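Since the structure comes first, as structure tokens, the remarks are kept for the end.
The values are calculated or read from the model by the stated rules, or taken from the named source; none is laboratory data. Every value quoted in this text rests on a predicted model; they were computed, and no experiment measured them. Reconstructed Cβ throughout: ideal geometry from the backbone, glycine too, with neighbour counts over all protein chains shown.
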Amino acid sequence: MTATIYTQWKVGDKINICGSVTEFCGVEYQLIIPKDINITKSPTDCFLDSGTGGSCGLHIDNIELTFSIVKGSPVNNCVVAQTYKTLGSVRTNSDGAAGLSYTVTEQDRLNYISATNEGYFYYVMTCITNSDGQSVSEAKSIITNPILISESEVTHNLDLTLIPWSWYSPGGAVDAITQKIIDINGAITNFFANYGIIDYTYIGTEVFTETDKVIIRIKLNKINTVTMGVPLLVQIAVLITTILFIISFIGRISSYVFDVDNIALTNEELTSAGQEFMKNLTNDCETKTCSDPTLTQDQKVTCIKNCVDSALTRWKEYQTDIYPDADHTALDNGLTEIQLCYNTYNSSSKTLTDYQTLLDCIKIKREKAIDEDKAATLETYDPDATAGEKEASSDLGKILLYGGVGLAGLYVLTRKK
């Protein structure tokens, strides 16, 4: 096996992980077995000892390798003490090699600490999960050297000021947010990965009190890059919406500090970011959540309908938390109209045309509900007021904004992979 090149990870590192297979031509057995695994730090390409095939009639292409981060004793089998994260499954090329890219997260560092504290090794493993109909050595894996993970340097903080609801004390709010920290870490990690944020990497989240408020500190590492991508500032309102969507039942985010500027979010900015957040989240029901090719058409229909229903229901809870005095019946109407779309499909011949008609119907109804809910919210809550407030304060002109970059037009949101 080629020695693992990069094992001393830091949070925020972009790494390449690759593995290969080869054939084993014995007298009694002819098998496909793992051959090599390696990790490099991007942009260095991952390299491997390539496999061989054909000597005894086996092929090494189109073999599915699944990569996972695990804890256990470093032995060559697929039985481990715990699988922390399945990174993905990839089919091999003609050289028997397959690979993927990954960004190291704060949760990975916490998992590493937990594993080593328990006396286990922490490493990356690959196993053959589909041999394309050929014989394979049972539970045979190949693993890296033990991985060590440290925290990257924190160069910048994004501090979100959360005002807890009346039934939470500041300390109680901190405890409640801390219980959601895994969800927050996952959402932020997906946000950075899905939208190509290029100027910062995410290190971790810290939550603490400051007088009667709660500060959610997003720790970042600024990187120098000329790669085309999206600066964090352009999507900062969407990032805030992403976090608030998880913790809206605890309080509302009234402002944030990035670098030195204390910036108040307005109702227009937050509802615009949320509007696009929901459109993309519900669109993912079709393109991601329910895109499994093994599902039948009817199963996809039910999956999409249930997924959209769940998203809109959760969105109404979120909107009611942040904007309790607004009229949110548009979301209830949307759920009713989506049910009618679903009923119409079930009474049809269920052709491909009927299926596409259903998808179009659901899209129109859900986006109409989201748009109308935003409009109704801003009828009650002044668009220029601080998010969650009904009226703008007299010193609104003192609110700082980044060089004229309005956040109201910001788009996009976190999506599931």
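Would you be able to say whether some residue in the stretch 45-61 is in a strand (DSSP E or B) and not charged (D, E, K, R)?
So far as the stretch 45-61 goes, no, none of its residues is in a strand (DSSP E or B) and not charged (D, E, K, R).
If you go through the stretch 241-281, how many residues are farther than 24 Å from residue 182 by Cβ and in a helix (DSSP H, G or I)?
So the answer is 9.
So is residue 154 within 19 Å of residue 245 (Cα to Cα), touching a strand residue (DSSP E or B) at 6+ places or on another chain (Cβ under 8 Å) and of a type outside the set (Ser, Thr, Tyr) or not?
Details: within 19 Å of residue 245 (Cα to Cα): no; touching a strand residue (DSSP E or B) at 6+ places or on another chain (Cβ under 8 Å): yes; of a type outside the set (Ser, Thr, Tyr): yes.
No; evaluated as a whole, the condition is false for this residue.
If you go through the stretch 19-49, how many residues are farther than 27 Å from residue 85 by Cβ and not aliphatic (A, V, I, L, M)? Spell out how you get there, then give the answer.
Of the residues in the stretch 19-49, the ones farther than 27 Å from residue 85 by Cβ are 23-31.
Right, trim to not aliphatic (A, V, I, L, M) and you get 23-26, 28-30.
Qualifying residue count, the stretch 19-49: 7.
What is the one condition in (1) out of contact with any Ser or Thr (no Cβ under 9 Å at 6 or more places or on another chain); (2) part of a strand (DSSP E or B) that residue 126 does not satisfy?
Of (1) out of contact with any Ser or Thr (no Cβ under 9 Å at 6 or more places or on another chain); (2) part of a strand (DSSP E or B), only one is false for residue 126: (1).
Can you tell me which of (1) buried (at least 20 other Cβ atoms within 10 Å of the Cβ); (2) in the same structural domain as residue 320 (by TED's automatic domain parsing) is the one residue 283 doesn't meet?
Against the list (1) buried (at least 20 other Cβ atoms within 10 Å of the Cβ); (2) in the same structural domain as residue 320 (by TED's automatic domain parsing), residue 283 comes up short only on (1).
Restricting to the stretch 1-10, give me the number of residues that are at pLDDT 85 or above and touching a strand residue (DSSP E or B) at 6+ places or on another chain (Cβ under 6 Å).
Pass one, the stretch 1-10, residues at pLDDT 85 or above: 6-10.
From the residues that got through so far, the ones that are touching a strand residue (DSSP E or B) at 6+ places or on another chain (Cβ under 6 Å) too are 6, 8-10.
Final tally of qualifying residues: 4.
When the stretch 193-209 is examined, which residues are found to be under 8 Å from the mean Cα position of the chain (by Cα) and buried (at least 18 other Cβ atoms within 10 Å of the Cβ)?
193
Please enumerate the residues belonging to the stretch 357-374 that are of a type outside the set (A, V, I, L, M, F, W, C) and either touching a Lys or Arg at 6+ places or on another chain (Cβ under 7 Å) or closer than 14 Å to residue 272 by Cβ (or both). Working first, answer last.
We begin by selecting, within the stretch 357-374, every residue of a type outside the set (A, V, I, L, M, F, W, C); these are 357, 360, 363, 365-368, 371-374.
Those that are of a type outside the set (A, V, I, L, M, F, W, C) and either touching a Lys or Arg at 6+ places or on another chain (Cβ under 7 Å) or closer than 14 Å to residue 272 by Cβ (or both): 367, 371, 373, 374.
Kindly indicate which of 309, 360, 321, 354 is free of Cβ contacts under 8 Å to residues at least 12 places away in the same chain, assigned to a helix (DSSP H, G or I) and surrounded by 14 or more Cβ atoms within 10 Å (Cβ to Cβ).
354
So residue 182 ticks every box in (1) more than 18 Å from residue 85 (Cβ to Cβ); (2) surrounded by fewer than 16 Cβ atoms within 10 Å (Cβ to Cβ); (3) among the β-branched types (Val, Ile, Thr) but one. Which box is left unticked?
(1)
Among the residues of the stretch 185-223, count how many are without any contact (Cβ under 8 Å) to a residue 40 or more places away in the chain and under 21 Å from residue 87 (Cβ atoms).
2
What tally of residues in the stretch 300-349 results from selecting those that are touching a Ser or Thr at 6+ places or on another chain (Cβ under 6 Å) and closer than 14 Å to residue 285 by Cα?
Residues that pass the stated criteria total 3.
Collect the residues in the stretch 107-153 that are of a type in the set (A, V, I, L, M) and crowded, with 17+ Cβ neighbours inside 10 Å, keeping them in residue-number order. Walk me through it before giving the result.
From the stretch 107-153, those of a type in the set (A, V, I, L, M) are 110, 113, 115, 124-125, 128, 136, 139, 142-143, 147-149; that's our starting set.
Of everything in the stretch 107-153, those that are of a type in the set (A, V, I, L, M) and crowded, with 17+ Cβ neighbours inside 10 Å turn out to be 110, 115, 124, 125, 128, 136, 142, 143, 147, 149.
Please work out which residue is nearest to residue 334 (Cα to Cα), limiting yourself to the stretch 363-384 and to residues that are crowded, with 17+ Cβ neighbours inside 10 Å and β-branched (Val, Ile, Thr).
Taking the candidates together, the pick is 370.
Can you tell me which residues in the stretch 285-299 are in a helix (DSSP H, G or I) and over 22 Å from the mean Cα position of the chain (by Cα)?
The answer is 297, 298, 299.
Can you tell which of 158, 232, 220 is of a type outside the set (Gly, Ala, Ser), modelled with pLDDT under 85, under 28 Å from residue 276 (Cα atoms) and surrounded by 15 or more Cβ atoms within 10 Å (Cβ to Cβ)? Break it down stepwise before answering.
Numbers: 158 fails: modelled with pLDDT under 85; 220 fails: modelled with pLDDT under 85.
Among 158, 232, 220, only 232 is of a type outside the set (Gly, Ala, Ser), modelled with pLDDT under 85, under 28 Å from residue 276 (Cα atoms) and surrounded by 15 or more Cβ atoms within 10 Å (Cβ to Cβ).
Only one of (1) of a type outside the set (Lys, Arg); (2) free of Cβ contacts under 8 Å to residues at least 60 places away in the same chain; (3) buried (at least 19 other Cβ atoms within 10 Å of the Cβ); (4) in contact with a helix residue (DSSP H, G or I) (Cβ under 6 Å, 6 or more places away or on another chain) is not met by residue 51, so which one is it?
Against the list (1) of a type outside the set (Lys, Arg); (2) free of Cβ contacts under 8 Å to residues at least 60 places away in the same chain; (3) buried (at least 19 other Cβ atoms within 10 Å of the Cβ); (4) in contact with a helix residue (DSSP H, G or I) (Cβ under 6 Å, 6 or more places away or on another chain), residue 51 comes up short only on (4).
May I ask you to list the residues in the stretch 269-294 that are closer than 20 Å to residue 378 by Cβ, touching a Leu at 6+ places or on another chain (Cβ under 7 Å) and not hydroxyl-bearing (Ser, Thr, Tyr)?
Going residue by residue through the stretch 269-294, those that are closer than 20 Å to residue 378 by Cβ are 269-279.
Restricting the remaining residues to those that are touching a Leu at 6+ places or on another chain (Cβ under 7 Å) gives 269, 271-273, 276-277.
Those that are closer than 20 Å to residue 378 by Cβ, touching a Leu at 6+ places or on another chain (Cβ under 7 Å) and not hydroxyl-bearing (Ser, Thr, Tyr): 269, 273, 276, 277.
Sort out which residues of the stretch 76-102 are among the hydrophobic types (A, V, I, L, M, F, W, C) and part of a loop (DSSP other than H, G, I, E, B), and write them in order of number.
Result: 78, 79, 80, 81.
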